[in-house]
Amino acid sequence: MPTSVPRGAPFLLLPLLLMLSAVLAVPVDRAAPPQEDSQATETPDTGLYYHRYLQEVINVLETDGHFREKLQAANAEDIKSGKLSQELDFVSHNVRTKLDELKRQEVSRLRMLLKAKMDAKQEPNLQMDHMNLLKQFEHLDPQNQHTFEARDLELLIQTATRDLAQYDAAHHEEFKRYEMLKEHERRRYLESLGEEQRKEAERKLQEQQRRHREHPKVNVPGSQAQLKEVWEELDGLDPNRFNPKTFFILHDINSDGVLDEQELEALFTKELEKVYDPKNEEDDMREMEEERLRMREHVMKNVDTNQDRLVTLEEFLASTQRKEFGDTGEGWKTVEMSPAYTEEELKRFEEELAAREAELNARAQRLSQETEALGRSQDRLEAQKRELQQAVLQMEQRKQQQQEQSAPPSKPDGQLQFRADTDDAPVPAPAGDQKDVPASEKKVPEQPPELPQLDSQHL
């Protein structure tokens, strides 16, 4: 039977809808609907590349009273199947307008991501078909890039549910590759040392491993011993008066009636501190996060009976009645006691690394050859440029020499000196010698005008 959201219970949009590890937990007061300007609920980062879009859509939907009412009456199957998405048609116009704007912003962001990806591949002039490229993003409908419809909410729910279900598996695989790479590099480092240095390095490594293994017993997560330790050391209560129901209420931080994955992981801090200290060289904090994830998965597997990624009070109390709750045997097996990989997996990983390294070396060699070819081309261009410059200079020099040869000589003071050609042009006669000039052409010198005669009366 699908789990219904109990009336009067907190408004759990993402945990029950999407099984998103209790990402959202907002109390609902049926008598007083939330105001649109109420403070948005801040959710833990899911690690999804569209987390912000998911968060903003949830915050907007929280403000619509009709949608919240329908959600309270829905069950997880209705939500995951997309049936609840149809209620989007009945939300207020203001909410739909905000959702439309959020989708347009998300489409714009995805387009920028695609362009950055193309630019990284050195294909800036490539024409992008945004419609087809957007199809690779499954959390929205790429056919409609301007309005937020029921189909968009359905896709967002389905995609987030699937991606978060695969998130833990992807995290484990990433951690395995991290551990194999660390071991690969350690072996290569030892191979590069001399015999004495290698022995000293191996001795140091064994000493670090010994110190790391020397820690108090780690209790099995979710066991009576583990919960009592939290009850006594963190809560400051008498271990002899341990009460599972009181413990549950104390650690339901947001008082939503369930323990989500973040609230569960907070219970494991004391156990993790027994093994990992960031001040110690031998303690790997990446391994600590893997340990935390493994502890949470263990509790969810044994306590979360309906697998909705939430632990209800009923599920929690039921787990305390099982035999395993009190019988924990030798305690929890930590990461170093459960290797993340086999030798065969390490061998395949090293072969993969070698192939990638060979590919990168080949690419580097091609780039080096192309660089050398470009350098030679540049040298040829520079040589041609120098030849052209030399030719232009020589032409300018010849032109200047020709101009100097064709110009008349000049006097010492810089004035031009002209030389008459005696063979072709007659020499003009002096200005005062007019013997050969006809009488009709001779000029008679002008007489100065006579002064008027003045008598004594005028004086």
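Structure summary
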quantity	calculated
Cβ-Cβ under 8 Å pairs, at least 6 apart or on other chains, the stretch 166-188 side within 19 Å of GLY47 (Cα to Cα), far side small (Gly, Ala, Ser)	TYR167/GLY47; HIS172/ALA340; PHE175/ALA340; LYS176/ALA340
ARG363 vs. criteria closer than 30 Å to GLU179 by Cβ and either at pLDDT 70 or above or not aliphatic (A, V, I, L, M) (or both)	yes
Residue in the stretch 225-241 that is open to solvent by less than 60 Å² (accessible area, probe 1.4 Å), in contact (Cβ under 8 Å) with a residue 40 or more places away in the chain and aromatic (Phe, Trp, Tyr) present	no
Pairs, first β-branched (Val, Ile, Thr) in the stretch 54-65, second crowded, with 21+ Cβ neighbours inside 10 Å and not in a helix (DSSP H, G or I), C-beta under 7 Å, six or more apart	ILE58/LEU24
Single match in LEU374, LEU360, LEU381 (criterion: farther than 30 Å from MET295 by Cβ and more than 40 Å from the chain's Cα centre (by Cα))	LEU381
Residue list for the stretch 194-214, filter: under 39 Å from the mean Cα position of the chain (by Cα) and open to solvent by less than 50 Å² (accessible area, probe 1.4 Å)	ALA201, LEU205, GLN208, HIS212
Index of the failed condition, ASN254 passing every other in (1) open to solvent by less than 40 Å² (accessible area, probe 1.4 Å); (2) touching a residue at least 12 places away in the same chain (Cβ under 8 Å)	(1)
Complete set of residues in the stretch 287-343 that are among the basic types (Lys, Arg), part of a helix (DSSP H, G or I) and loosely packed, with under 14 Cβ neighbours inside 10 Å	LYS301, LYS323
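One line per residue, one yes/no per condition, for (1) touching a residue at least 40 places away in the same chain (Cβ under 8 Å); (2) within 17 Å of LYS228 (Cβ to Cβ):
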{"residue": "ARG286", "(1), (2)": "yes, no"}
{"residue": "GLU290", "(1), (2)": "yes, no"}
{"residue": "LEU293", "(1), (2)": "yes, no"}
{"residue": "GLU297", "(1), (2)": "yes, no"}
{"residue": "LYS301", "(1), (2)": "no, no"}
{"residue": "ASN306", "(1), (2)": "yes, no"}
{"residue": "GLU314", "(1), (2)": "no, no"}
{"residue": "GLY326", "(1), (2)": "yes, yes"}
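The values are calculated or read from the model by the stated rules, or taken from the named source; none is laboratory data. In this text the structure is predicted, and so the values were computed from the model without any measurement. Note that we place each Cβ from the backbone using ideal geometry, even for glycine, and neighbour counts take in every protein chain shown. Heavy atoms of the whole protein, side chains included, go into the accessibility calculation; ligands, DNA and RNA do not. Shrake-Rupley method; radii C 1.70, N 1.55, O 1.52, S 1.80 Å.
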